[in-house]
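Chemist: Let me give you the structure first, and then I'll get to my questions.
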Amino acid sequence: MSKVTSKYQVSVPKTLAEQYHIHPGDDLAWEAAGDVIRVIPPRADVQELDRHQRLWLFDQATKRQQERDKKIKPHKKSVDRSWTREELYDDRGRTG
C-alpha cells in the first residue's frame, strides 16, 4: 500500500514497477473506473484484445468465481412451519 504525500505524490511498489516495467521518469496514466482509480503504465507493446480474447478472459474469471462460490456454505433453507409471516400478522393494526 502506498501513502499519498502532502504534494499528492504516490510511490509505486517495487514489485509492481518491475512487473509492469515502470522506470523513474515514466509517465503513468490515471483513469477513473467507477469507485476505483486505474493506473495505466507506459507500454509501447500494448495490444488491444479482440472480442474472442476478452470473452475467453471473462469465461476464465467466471470459472474462478464459480469455484469460489462452491466453497461458500449454502444458506439453510427455511423450515416449513405451516404458517406464513403474512398469516401471522394478518390481523395487525385491525380493531375487532
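No value in this document is a laboratory result; all are computed from the given coordinates. Quick caveat, the model's predicted, so the values are computed rather than measured. Quick reminder, even Gly has a Cβ in these numbers, built from the backbone with ideal geometry, and neighbours come from all protein chains shown.
Chemist: Calculate I(q)/I(0) for the chain by the Debye formula, one identical point scatterer on each C-alpha and no solvent, and give its log10 at q = 0.11, 0.15, 0.18, 0.26 Å⁻¹ to two decimals.
Modeler: -0.67, -0.92, -1.13, -1.33
Chemist: Another question, if that's okay. Relative to the longest principal axis of the C-alpha atoms of the chain, give the angle of the C-alpha long axis of helix 51-71, reported between 0 and 90° and rounded to the nearest 10°.
Modeler: Between helix and principal axis, roughly 50 degrees.
Chemist: Sticking with this structure for a sec: Where does the Debye-calculated log10 I(q)/I(0) of the stretch 14-67 sit at q = 0.18, 0.29 Å⁻¹, using only Cα point scatterers of equal weight, no solvent?
Modeler: With one equal scatterer per Cα and no solvent, log10 I(q)/I(0) is -0.90, -1.04.
Chemist: Please get the size of the charge dipole for the chain, origin at its Cα centre, with Cβ charges of +1 on Lys and Arg and -1 on Asp and Glu, quoted in debye to the nearest 20.
Modeler: In total the dipole reaches around 560 debye.
Chemist: Okay, moving on. What FRET efficiency comes out for the pair R64/H23, r = Cβ-Cβ distance, R0 = 35 Å, nearest 0.05? If you can, show how the numbers build up before the last one.
Modeler: On the way: r = 32 Å, r/R0 = 0.91.
My answer for the efficiency is 0.65.
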